[in-house]
Amino acid sequence: MPDPSFVGRALPPSAPYTVGREKIREFALAIGEGASVCTDVGAARAAGHRDVVAPPTFSVTFTMPHIEAFLKDPAFGWDYSRMVHGDQSITLHRPICGGDVLTTTIHVEDLKTRAGSHMLTLRCEIVDAADESVATTRLMLVTQADA
């Protein structure tokens with residue numbers, strides 16, 4: 001059983017993650033995003049950005065390892081082996097660009113048990129090096145309750 005005392009907690013911030021221009025290009029190409037602002041610095045700058053722009057879902061590349069580490073922490077008690085992804089939303093407060101240095105703080109928002117499943121809602125607040133808000137992500141994860 002996951003530990004319900006985690007609800008309402010903010011976990012320690014992640015180590016800073018430097019967004020690489022080439023990582024953005026690779027991610028954009030992998031998901032079929034063909035916008036030139038995602039792959040060409042000149043096009044991004046011509047559109048008013050300081051560097052290539054990441055697709056909105058790019059944040060998963062640096063938030064998921066932090067989330068995974070929390071879920072695999074025995075102190076929380078989550079069954080990662082039977083987990084499925086229930087829902088996700090991403091709110092960009094500004095575009096993520098090459099060269100950004102970002103930090104993620106996970107907030108444990110909710111934990112419910114219904115119909116034989118544990119449902120966990122996490123919110124990730126992503127800020128830049130100036131501590132300005134860049135994005136907010138929410139995800140709901142589901143795992144089977146103990147039989």
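Within segment 1-40, take every residue that is hydrophobic (A, V, I, L, M, F, W, C) and surrounded by fewer than 16 Cβ atoms within 10 Å (Cβ to Cβ) and give me the one that is modelled with the lowest pLDDT.
Checked segment 1-40; the qualifying residue modelled with the lowest pLDDT is 1.
How do the strands (runs of 3 or more DSSP E) wholly within segment 31-147 filter down when requiring 1 or more residues that are in contact with a Gly (Cβ under 6 Å, 6 or more places away or on another chain) and within 28 Å of residue 3 (Cβ to Cβ): which remain?
Ranges flagged: 133-144.
Read through the list (1) out of contact with any His (no Cβ under 9 Å at 6 or more places or on another chain); (2) at pLDDT 95 or above; (3) of a type in the set (S, T, N, Q), then give the number of the only condition that residue 104 fails.
Here residue 104 meets the rest and fails (1).
Just a yes or no: is a residue in segment 90-112 under 29 Å from residue 49 (Cβ atoms), out of contact with any strand residue (DSSP E or B) (no Cβ under 7 Å at 6 or more places or on another chain) and surrounded by fewer than 17 Cβ atoms within 10 Å (Cβ to Cβ)?
There is at least one residue in segment 90-112 that is under 29 Å from residue 49 (Cβ atoms), out of contact with any strand residue (DSSP E or B) (no Cβ under 7 Å at 6 or more places or on another chain) and surrounded by fewer than 17 Cβ atoms within 10 Å (Cβ to Cβ).
Looking at residue 51, is it farther than 30 Å from residue 145 by Cβ, surrounded by 15 or more Cβ atoms within 10 Å (Cβ to Cβ) and more than 12 Å from the chain's Cα centre (by Cα)?
Yes.
Among residues belonging to segment 58-89 that are surrounded by 12 or more Cβ atoms within 10 Å (Cβ to Cβ), free of Cβ contacts under 8 Å to residues at least 60 places away in the same chain and touching a helix residue (DSSP H, G or I) at 6+ places or on another chain (Cβ under 7 Å), point out the one that is farthest from residue 32 (Cα to Cα).
Among residues in segment 58-89 that are surrounded by 12 or more Cβ atoms within 10 Å (Cβ to Cβ), free of Cβ contacts under 8 Å to residues at least 60 places away in the same chain and touching a helix residue (DSSP H, G or I) at 6+ places or on another chain (Cβ under 7 Å), the one farthest from residue 32 (Cα to Cα) is 61.
The values are calculated or read from the model by the stated rules, or taken from the named source; none is laboratory data. Because the structure is predicted, anything quoted here is derived from the model rather than measured. Note that we place each Cβ from the backbone using ideal geometry, even for glycine, and neighbour counts take in every protein chain shown.
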